[in-house]
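*Asks:* Once you've had a glance at the structure underneath, I'll fire off some questions.
The values are calculated or read from the model by the stated rules, or taken from the named source; none is laboratory data. Note that the structure is predicted; figures quoted are calculated from it, not measured. Note: ideal-geometry Cβ built from the backbone for every residue, glycine included; neighbour counts use all protein chains shown.
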Amino acid sequence: MGITDTIYSKLPSFLQNWVVSLYGLYWKWLRFGGEYNSFVKAYASRDIFSEEKWASFQSENLKKLLQICMNTVPYYSREWTLAQKRAALNGDLFALPLMEKAPFRANPNDFVRIDRKPLFKITNYTSGSTGTPIASIVTASEMRKFMAIREVRSAGWARVSFNEPRATFSGRLVEPDPESKGPFYRLNSVEQQVYFSPYHLRPDTAHFYIEALKRHKIQWMTGYAVSYYLLAKFVIEAGLEVPPLKGVITTSEKLTPEMRLLMEKAYGCRVYEEYSTVENVLFASECEHGRLHISPDAGVVEILRSDGSPCDPGEVGEVVATSFLRTYQPLIRYRLGDLAAWDIEPCPCGRAMPVIKEVVGRLEDVVVGPDGRQLVRFHGIFTNQPNVIEGQIIQEALDRIRVKIVPTEGFSEIDTFDIINRVHQRIGKQVEVVVELVQGIERTKYGKFKAVISLIQK
Ligand SMILES: [Zn+2]
């Protein structure tokens with residue numbers, strides 16, 4: 001736990017609301033200040049682009065981006081061969097090598113351009129969808145781009161807005177006490193945003209979450225798909241009454257048709273899926289016809305076979321993305337670790353943005369607490385753990401969690417203690433935590449990394 005989390009966890013909950021709101025003021029400026037409105041206008045104006053317009057937009061931006069990489073980013077200017085640099089000058093992306101996560105994780109500053117010194121930089125250490133911590137560095141301007149594209153293509157298509165009161169399920173430690181009797185959320189009054197704690201969601205706490213929606217007149221909800229699914233399940237089981245909502249936009253985990261059906265029944269509104277990554281290398285959102293469109297102005301997305309050739313439509317392959325959303329620490333042909341397929345069926349909405357048919361391999365297992373609470377995205381305990389190269393959570397019994405760790409040389413007892421503490425904080429102190437240091441973590445037969453494995457019957 002970082003020092004700010006430690007201080008935060010010792011404050012009474014009314015002061016935590018103040019901290020959240022004060023922090024909210026800063027975040028509002030960071031995300032919705034500066035050029036935000038002009039970004040919104042630009043994304044909205046491109047919504048109606050034809051295929052030809054998208055193609056020329058992409059080739060123009062690709063040339064600019066690749067030149068920046070070649071001339072100002074140490075990693076690319078050193079690693080690319082002469083032939084690759086010539087290709088980069090012509091904007092020929094496919095002649096360039098695929099980018100692995102390992103060098104990015106080992107030295108994130110090697111990917112930062114040397115000709116820019118932004119006043120505000122935000123570093124997100126994240127466990128990512130593969131459980132591997134990565135320092136993603138973005139500027140304030142880039143943060144505004146991320147929010148603008150979400151406002152237009154995600155919220156906008158679902159007919160809601162970030163200007164309206166919303167609830168969010170995310171990996172933030174909202175309520176530090178695992179034994180808390182509530183409240184299980186904090187209010188950011190600056191944005192009328194309720195942050196829900198995913199770690200306290202249980203059948204007996206679900207009604208507190210629904211009451212928060214009523215009290216703060218929440219219009220729509222966004223965040224972790226599995227958390228909203230679990231809440232929906234508890235709502236139906238207990239027959240809770242949900243106030244009118246305009247929509248739910250899920251992120252992070254794959255939204256299955258079963259999850260969607262149950263959520264639409266529980267919440268009485270439409271559920272939309274958003275597909276993005278914490279590194280913001282791509283962006284896809286669902287239109288009114290339920291299709292997941294890739295935004296070509298967020299970057300170039302490829303779906304590749306294991307030999308590197310492009311997949312045919314409908315064929316599942318590895319997702320590789322080159323982001324236009326970030327030029328300070330640019331990512332070129334970045335291997336996300338997700339599997340997906342293209343859909344060639346044109347969408348009746350008429351937007352000329354490619355449709356992704358399936359995104360597989362992101363549905364993570366749920367960890368169950370001794371008291372029945374179900375926890376998602378549990379591998380979030382590896383966030384901001386620079387001495388953990390890879391980590392995996394294995395639930396062996398209701399009261400025993402094994403944490404496998406591939407450590408760096410600097411890993412010490414302090415890190416072990418911190419990890420045990422983080423598990424206890426989320427699931428309760430009565431659970432035995434075994435930290436096991438390993439050389440490497442096994443992959444599934446599809447080569448996918450599983451961040452969470454559950455060995456118990458649920
Ligand atoms: Zn569509």
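Results for (1) modelled with pLDDT of 90 or more; (2) of a type in the set (Ser, Thr, Tyr), shown as yes or no for each residue.
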site	(1), (2)
LYS404	yes, no
SER412	yes, yes
VAL423	yes, no
ARG443	no, no
PHE449	no, no
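Conditions (1) under 30 Å from CYS349 (Cβ atoms); (2) crowded, with 20+ Cβ neighbours inside 10 Å, marked per residue:
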site	(1), (2)
ASP47	yes, no
GLN67	no, no
PHE104	no, yes
TYR125	no, no
ILE134	no, no
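*Asks:* Confirm whether HIS293 is within 14 Å of the ligand (Cβ to nearest atom), in contact with a Cys (Cβ under 7 Å, 6 or more places away or on another chain), under 20 Å from GLU51 (Cβ atoms) and not in a strand (DSSP E or B). Walk me through it before giving the result.
*Replies:* Numbers: within 14 Å of the ligand (Cβ to nearest atom): yes; in contact with a Cys (Cβ under 7 Å, 6 or more places away or on another chain): yes; under 20 Å from GLU51 (Cβ atoms): yes; not in a strand (DSSP E or B): no.
Taking the combined requirement at face value, the residue does not satisfy it.
*Asks:* While we're looking at this one, here's another question. Could you list, in sequence order, the residues of segment 386-400 that are outside any strand (DSSP E or B) and under 22 Å from GLU253 (Cα atoms)?
*Replies:* Restricting attention to segment 386-400, the residues satisfying the condition of being outside any strand (DSSP E or B) are 386-387, 398-399.
Of everything in segment 386-400, nothing turns out to be outside any strand (DSSP E or B) and under 22 Å from GLU253 (Cα atoms).
*Asks:* Follow-up. Among all residue pairs at least 6 apart or on different chains, which show Cβ distances below 9 Å where the first residue, located in segment 340-355, is on the phi < 0 side of the Ramachandran plot and the second is within 7 Å of the ligand (Cβ to nearest atom) and at pLDDT below 90?
*Replies:* Final answer for the pair search is none.
*Asks:* Considering every residue within segment 252-270, establish whether at least one is buried (at least 17 other Cβ atoms within 10 Å of the Cβ), polar (S, T, N, Q) and not assigned by TED's automatic domain parsing to the domain that holds LEU336. Give the steps one after another, and end with the answer.
*Replies:* Quick first cut of segment 252-270, residues buried (at least 17 other Cβ atoms within 10 Å of the Cβ) only: 252-255, 259-260, 262-263, 266-267, 269-270.
Of the ones still in play, those that are also polar (S, T, N, Q) are 252.
After this cut, where a residue has to be not assigned by TED's automatic domain parsing to the domain that holds LEU336 as well, the list is 252.
Scanning segment 252-270, I find at least one residue that is buried (at least 17 other Cβ atoms within 10 Å of the Cβ), polar (S, T, N, Q) and not assigned by TED's automatic domain parsing to the domain that holds LEU336, so the answer is yes.
*Asks:* Only one of (1) touching a residue at least 12 places away in the same chain (Cβ under 8 Å); (2) in a loop (DSSP other than H, G, I, E, B); (3) closer than 22 Å to VAL248 by Cβ is not met by TYR275, so which one is it?
*Replies:* Only one criterion is unmet by TYR275, namely (2).
*Asks:* Could you check segment 338-351 and list, in sequence order, the residues that are over 17 Å from ASP312 (Cβ atoms) and more than 10 Å from the ligand (Cβ to nearest atom)?
*Replies:* ASP338
*Asks:* Taking only segment 157-210 into account, find how many residues are touching a residue at least 40 places away in the same chain (Cβ under 8 Å) and on the phi > 0 side of the Ramachandran plot.
*Replies:* 1
*Asks:* Could you say whether any residue in segment 28-46 is in contact with a Pro (Cβ under 9 Å, 6 or more places away or on another chain) and modelled with pLDDT of 95 or more?
*Replies:* Going through segment 28-46, the residues in contact with a Pro (Cβ under 9 Å, 6 or more places away or on another chain) turn out to be 46.
This time we only want the ones that are modelled with pLDDT of 95 or more, so: 46.
Yes, segment 28-46 contains at least one residue that is in contact with a Pro (Cβ under 9 Å, 6 or more places away or on another chain) and modelled with pLDDT of 95 or more.
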